[in-house]
Every structure is written in C-alpha cells, then in structure tokens.
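Notes for the one structure printed next.
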Amino acid sequence: MPRRTVSHRSRAVAVGLMAALSWSAIAMCQDGADEITAEVVAARVQAFYDRTTTVRVDFQQHYWSNVYRRTTSSRGHMAILRPGRIRFDYTSPSGKVVVSDGDSFTYYEPGDDGGAGQYWVGSADGASAALGFLTGTARLDRDYTFSLGAHDASSDPAHTDVLVLRPRSPDPHYTEIRLYVSDAPGTEGVVLRASICDHENNWNRFDFSSFRFTDAIPASTFEYTPPDGAREITPPSE
C-alpha cells in the first residue's frame, strides 16, 4: 500500500484547529475562575466601603409588619461618616430623624398635630445597627456568615447579586440581612437595597438611590438636639 503523506496545508489546518481548541479551553477556564460566589460578592462590598469615608444617599423604606400583615412606606435622605456615624432625615413623614454620633442613637418623631413630638436616646437602633457594614462598625468576613440568594428579575434591582447575611453571634435587632449588590462596572460592590428581618419576621427594606461618595460631611451633622418642648420617652425594647 502506498504511504500517505500530510501536505503542509493540512498540517497548517491541524495546527490552527488545535490552537482554536486551546484558546477555547482557556476561555472556559477563565469563565470558571470568574464564577460568582458569596465570598466574591462579600469581598466586593467590603472592598468598596473600606475605601469610602462618606456616603450621601436617598432612600425609600418599606416596613412589612408580620402581625398586621401590611406595609408602611417612607422616604428621606441618609448620611454616613465612617466609622460609626449615621443619620436618617425623613421627608415623608416629614421631620422624623434618626441619628448616631458613634456612641448613642437619638430617635425623634414630630407630633401628629404639628407639636414638638417625642424622642428617645439609646445605645442602638435596629435598622442602623443592621447597617453596621456600611458605617464601618461591622465587617462582613468577621461578623457574618453569608450565602447567595435567588435573584427575582421581576422585582429586584437589575444587575445585582443577592447576598444573604446572618450574624455569627445572636443579635437582638435582626436575624437576617439581604443585600442587593451591584455587579455593574463602575459601581461594583455598591449596595442598592438592604432588607432586614427581625426576630418577629418583620421585614424592613431600604432602597438606595442618588449616591454621593465624595461629599464632605462635617461631624456636626451627627450632633442632634430635639426641638424645644419635645418629650423624652423610655427607649422601646426593640
């Protein structure tokens, strides 16, 4: 039988095919390396806020009561000066303020009749305590266990990964936090929504928008004195 020879052209085609297969394999390996895990998302959040000193943001708050089976909504502006200082100024209902100077919280609510209202001062506020990863008083890798949650395209913010946090040590204010973390270029690691579940299965959800990360915020922003005539009350148990 005559011996078959391989032409230079055939060899070139074979080499080209092998090269194409090799690049395809490399691309597949790279895709695998970029697979999103809870650890990757948590690291993105921590890295972004570690290099952030101030935050100004608008929020919409939706509180779902498990007892009354209804949702109440509000909105306003939030300011953070890391570490530890946070302030909520509500525009609806107008005049409500929650603020921490890093040591204590003041919660003020104006009167329904336009009066001076009431306030209490305590060591913690539930929602603010749960947002410790934003203010720098908590770290994701140290204080929480985390896993990925399912993303609902019909109701969740677009271009986000869902990170489910549970405190490593029992916390009196909450049992679970769900973070909706941007995966878009330029905002990777930014938390667009935080949903907080307490021990009675009430959910407190914050949707954030209009982010400003470079504004100078004076420390005096977090010093708050209730209006004259406001009545101080005993802090609630929760």
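Since every read-out is calculated from the coordinates, none of them should be taken as a lab result. Because the structure is a prediction, the values reported are computed rather than measured. Cβ sites come from the backbone with ideal geometry, for glycine too, and all protein chains shown count toward neighbours.
Annotation: Cα Rg of segment 132-180 relative to the compact-globule expectation 2.2 N^0.38 Å equals 1.23. Using only the Cα atoms of segment 130-227, build the gyration tensor, take square roots of its eigenvalues as a ≥ b ≥ c, and label the shape rounded, prolate or oblate: rounded if a/c is under 1.5, else prolate if a/b is larger than b/c, else oblate. Verdict is oblate for segment 130-227. Annotation: extensible slack from Val121 through Arg75 equals 14.4 nm (criterion: 0.36 nm per residue apart, minus Cα-Cα distance).
Considering only the other residues whose Cβ falls under 9 Å of the Cβ of Ala79, what net charge follows from Lys and Arg at +1 and Asp and Glu at -1? Neighbourhood net charge equals +1. With the simple model of a label 7 Å out from the Cα in the direction of the Cβ, Ser209 to Glu223 spans 3.4 nm. The slack between Ala158 and Glu188, meaning 0.36 nm per residue of separation minus the straight C-alpha distance, is 9.5 nm. Of the trypsin sites (Lys or Arg not before Pro) found in segment 137-238, the ones in coil according to DSSP and having at most 14 other Cβ atoms within 10 Å of their Cβ are Arg139, Arg168.
Annotation for His151 and Ser92: the two label points, set 7 Å from Cα along the Cα-Cβ direction, are 2.9 nm apart. Placing +1 on each Lys and Arg Cβ and -1 on each Asp and Glu Cβ, with no other charges, gives segment 81-128 a dipole about its Cα centre of roughly 260 debye.
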